[in-house]
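Some notes on the structure that comes next.
The values are calculated or read from the model by the stated rules, or taken from the named source; none is laboratory data. Everything numeric here is computed off the predicted structure, so don't read it as measured data. Cβ: placed from backbone, ideal geometry, glycine included. Neighbour counts: every protein chain shown.
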Amino acid sequence: MHPMGWDSFGMPAENAAKQNNLDPKTWTESNISKMKVQLKKLGLSIDWDREISTCSEEYYKHQQKFFLELYKKKLVYRKENYVNWDPVDQTVLANEQVIDGKGWRSGAVVERKKLNQWFFNISKFSDDLLESLNQLDKWPKKVKLMQKNWIGKSFGCEINFKIEGALPIKRIKCFTTRPDTLFGFSFLAVSIDHEIAKFYEKDKDFIKFKDECSKSGTTEESIAVGEKIGFKTDLLAINPVDPSKKVPVYFANFVLMDYGFGAVFGCPAHDQRDFDFAKKYNLEIKTVVKPKEEDDTFTVKEKAFSDDGVIINSDFLNGLEAPNNSVPETIKILETRKIGKKLITFRLKDWGVSRQRYWGCPIPIAYDEEGNEYPIPDDMLPVKLPKNIDLNVKGNPLDHQKNWKEIIIDGKRLTRETDTLDTFVCSSWYYLRFCSPTEKNYGYTKKDIDYWMPVDQYIGGIEHAILHLLYSRFFMRALAFENENFNITEPFEDLFTQGMVCHETYKDPEDNWVSPDEIEVVNGEKRLRINNKIKITVGPSESMSKSKKNTIDPEKIIEDYGADSARLFILSDSPPEKDVQWSEEGISSSYKFIQKLWNLHLKFEDEISKKHKKDSSENILKFTNLFIKKIENYLENFSYNVIIASMHEMYNFFIKELNNEYTKETLYENYIKILTVISPIIPHYTSETLELLKYKNNLSWPLYNEDILIEDSVNIVVQINGKKRGLLTLNKNLSEEMIFEEIQKDEKLSKYISGPIKNKIYIQNKLMNLIL
RNA sequence: GGGGCGAUGGCGGAAUUGGUAGACGCGCUGGUCUUAGGAACCAGUCGAGCAAUCGGUGAAGGUUCGAGUCCUUUUCGCCCUACCA
């Protein structure tokens, strides 16, 4: 099954519709039909009976059902969460839409805002998602590693610090992977969102501090360059291993609420962040780990020491090897003393799926005035998007649809959820839909998915290494949870990550992007075709995108060179996992090769029409059989560029070989086989030539005959002292002695044998190495 | 800061298990045919050398009869990730 679907919800459609005053549905559907024409012209073997589009009601109604199923299983929930808020566009921005702390569209300084958001409980499956990576033995290591890091399992320990001070705060819990540095404890820092913040809500200085923190945004980038700042409370934390030591408690901007407990214990000598913070606020920097080669007087001065070492200045921990021995040992001691306990945390957070957008799948939930949640009943599904709405409003257009928002369930007046689902939800289960594309009652049927799933071979860009692939793996687990009829956990058995098609980028002197169509080459310089032929600057080759105007129109390529030239070029030079550089020379050389193949075809036809008597079929049989074998291998290994190279070799072989005499039958049979195995690469060409040859049968993959490939003679590499000195073409399976005799007979080789032979290394039919 | 991947001619890149390095294409050089060619065809194309030969897969070392391939160190490049406690 080779299906095609359209991931058709999302911002690009909504934005384009906004700009051109169109309905997103109309815009999307017209784009789909254009692309469909192009894909068909390229001759891709897509099963169009299984076509799906995620923005169709037929698709998203099942998604809403899934959503409610997960809701029942408590795998979906709503909570307040901080988001990147664009105050001008009145919308939530994803992290990647925040550039230098500003909204990518409005340029407004992005704020941190608390919003009620829907979440999928992906973290429930953290361990399973991590452990099961081991079973995915056909996935690239790189992708598995990226997922592993993303899930981010870390082993450590929770420590519940006793707090002293005027406020009713008795304890603060911290997570640490380095409990062994507890004797270096010199401050405790909590997130500004930590529960103790409620005691400071009215403190003017704290409000000011919080403001400063929120200005720096929530993006990783802005945090990375941001300075470490803190707000000192009048609380003191007691060191549980040395109760005489009491250290200050700070709010700090570098502590994140959603990792661990939103509180850290500061050990400046052995953590760079803590070190920077301690320097700024003049806190104690006590060295408790030394490098192995140093003595106990070692002290940390310029920067934190976080390499492996030995514990010092730490009472009962002294002398332990850090961190491999010291961490488990410390945890054991802390556990017996009831100070802390072993804890595993994950970096993976629950998946926020709420989007304040129109063009997405509506979330099938309604609320009463108190904000209680009511799932939309099954007979009222799907929740359809309203039509003919005004997109040019502040915030979420759905929020402005009074009529649509109101709904009565069981006589109760309720208000609909106006957020729509992240489009990654749509792509998390579409492969199930491909199995049962027309099933009305449910997203799939058990019979169909039992037959088809899991996906044998998944192909996608590396950009999906984490999110899409992880969400899909989660979605299968979520559907399987408390569901005996669903046995799939891993959707994709084999994964191949392909590269993209890239093109140089061009800019005119005013810094506007220029499309390759607008350019001509004059005396080796690239200039604008119109507008006084101004010289343009050539930028780096990047993946084709409309925003950079470095795209090539596939229709024009097909018109100028034909679909097969385009297919040939895309596959020819680079291996498929790498990016391809689009070039005029490249496509034209592919075009020329098809012309050459055509000349070869004419020669074949000519030879087939002649009446040869003699048949020296051996060469041609050998070549064809080997060719089939090679192509089979390369296809299986995705070595498409090597297939194209072999096709060139095939041309070079036959264009000469056809000067020899062959019978009609030999020529015809072998040529058909050749055309068959190259037909996946250039189907239009082979279809045409097969028709001209009056070949009427359906094509089936030819079997090669291994016996024909067995050679009688073989090339033996002759090495003297490991250095290659020559080649001998000899009969197969000769003994070591016989080969040695041949070497001695050969003048060119024997002249190197100047002394007694100490050793002979013989690899049968391959190599003889003589050691003097 | 942490992690990963990679480095082979002028270029894109080949090279099952360690066993003829540079397949194939682009580009370039020379030639043939042409009024012309940016078409087609033929020959050549890792470097040095007239040659025999010698050197050569980022660098240095190691294992091995034998290393582009395995190990150690190192340089450079790319990618991912990041106040993750």
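Only residues that are assigned to a loop (DSSP other than H, G, I, E, B), more than 10 Å from RNA strand B (Cβ to nearest atom) and surrounded by fewer than 14 Cβ atoms within 10 Å (Cβ to Cβ) were counted across segment A:730-762, and they come to 7. Of the residues making up segment A:530-562, those that are of a type in the set (Gly, Ala, Ser) and touching a residue at least 40 places away in the same chain (Cβ under 8 Å) number 3.
Could you check how many residues of segment A:559-596 are acidic (Asp, Glu) and within 26 Å of the chain's Cα centre (by Cα)? First the steps, then the outcome.
Narrowing segment A:559-596 to residues acidic (Asp, Glu): A:559-560, A:564, A:573, A:577, A:579, A:584-585.
Still in the list and also within 26 Å of the chain's Cα centre (by Cα): A:573, A:577, A:579.
Selection size over segment A:559-596: 3.
Test of understanding: among A:GLY107, A:GLY101, which residue is in contact with a strand residue (DSSP E or B) (Cβ under 7 Å, 6 or more places away or on another chain) and either of a type in the set (D, E, K, R) or at pLDDT below 85 (or both)? After applying the criteria, what remains is A:GLY101. When residues of segment A:159-185 are filtered for being part of a strand (DSSP E or B) and either more than 25 Å from A:ARG337 (Cα to Cα) or within 10 Å of RNA strand B (Cβ to nearest atom) (or both), how many remain? The qualifying residues number 4.
Taken over segment A:709-738, the criterion of being in contact (Cβ under 8 Å) with a residue 40 or more places away in the chain and more than 24 Å from A:SER754 (Cα to Cα) is satisfied by A:LEU709, A:VAL714.
Of the strands (runs of 3 or more DSSP E) that lie entirely inside segment A:248-349, those containing 3 or more residues that are under 33 Å from the mean Cα position of the chain (by Cα) and within 14 Å of RNA strand B (Cβ to nearest atom) span A:340-346. With respect to being assigned to a helix (DSSP H, G or I) and at pLDDT below 90, A:LYS142 fits the description. Can you say whether A:VAL501 is within 16 Å of RNA strand B (Cβ to nearest atom) and aliphatic (A, V, I, L, M), as far as the supplied structure shows? So A:VAL501 fits the description; yes. Selection of segment A:693-729 for residues being crowded, with 16+ Cβ neighbours inside 10 Å and in a strand (DSSP E or B) yields A:ILE716, A:VAL718, A:GLN719, A:ILE720, A:ARG725, A:LEU728. Exactly one residue among A:TYR431, A:TYR374 is among the hydroxyl-bearing types (Ser, Thr, Tyr) and under 30 Å from the mean Cα position of the chain (by Cα), and that residue is A:TYR431. How many residues does segment A:586-623 hold that are within 16 Å of RNA strand B (Cβ to nearest atom) and either modelled with pLDDT under 85 or polar (S, T, N, Q) (or both)? Residues meeting the conditions: 5. Exactly one residue among A:GLU284, A:GLU221 is surrounded by fewer than 16 Cβ atoms within 10 Å (Cβ to Cβ) and either modelled with pLDDT under 90 or touching a His at 6+ places or on another chain (Cβ under 6 Å) (or both), and that residue is A:GLU221.
For segment A:45-64, the set of residues classified as hydrophobic (A, V, I, L, M, F, W, C) and over 25 Å from the mean Cα position of the chain (by Cα) consists of A:TRP48 only.
For the condition in contact with a helix residue (DSSP H, G or I) (Cβ under 6 Å, 6 or more places away or on another chain), touching a residue at least 12 places away in the same chain (Cβ under 8 Å) and away from RNA strand B (no atom under 16 Å from the Cβ), A:TYR671 qualifies.
Here the condition is being more than 25 Å from A:GLN90 (Cα to Cα), of a type in the set (A, V, I, L, M) and touching a residue at least 40 places away in the same chain (Cβ under 8 Å); of A:LEU381, A:LEU391, A:LEU414, A:LEU421, it holds for A:LEU381 alone.
When A:ASN765 is tested against (1) under 19 Å from A:ILE710 (Cβ atoms); (2) away from RNA strand B (no atom under 11 Å from the Cβ); (3) surrounded by 11 or more Cβ atoms within 10 Å (Cβ to Cβ), only condition (2) is not met.
Could you say which residue among A:LYS142, A:LYS114 is under 30 Å from A:LEU421 (Cβ atoms), near RNA strand B (Cβ under 10 Å from one of its atoms) and surrounded by fewer than 16 Cβ atoms within 10 Å (Cβ to Cβ)? Answer to the selection: A:LYS142. For the criterion of being in contact with a Cys (Cβ under 6 Å, 6 or more places away or on another chain) and of a type outside the set (Lys, Arg), A:ASP579 passes. On the stretch given as segment A:705-757, residues that are more than 14 Å from A:LEU770 (Cβ to Cβ) and of a type in the set (S, T, N, Q) total 7. Within segment A:457-464, identify whether any single residue is within 16 Å of RNA strand B (Cβ to nearest atom), outside any strand (DSSP E or B) and surrounded by 15 or more Cβ atoms within 10 Å (Cβ to Cβ), and answer yes or no. Scanning segment A:457-464 turns up at least one residue that is within 16 Å of RNA strand B (Cβ to nearest atom), outside any strand (DSSP E or B) and surrounded by 15 or more Cβ atoms within 10 Å (Cβ to Cβ).
Within segment A:39-51, is even one residue in contact (Cβ under 8 Å) with a residue 60 or more places away in the chain and in contact with a strand residue (DSSP E or B) (Cβ under 9 Å, 6 or more places away or on another chain)? Scanning segment A:39-51, I find at least one residue that is in contact (Cβ under 8 Å) with a residue 60 or more places away in the chain and in contact with a strand residue (DSSP E or B) (Cβ under 9 Å, 6 or more places away or on another chain), so the answer is yes.
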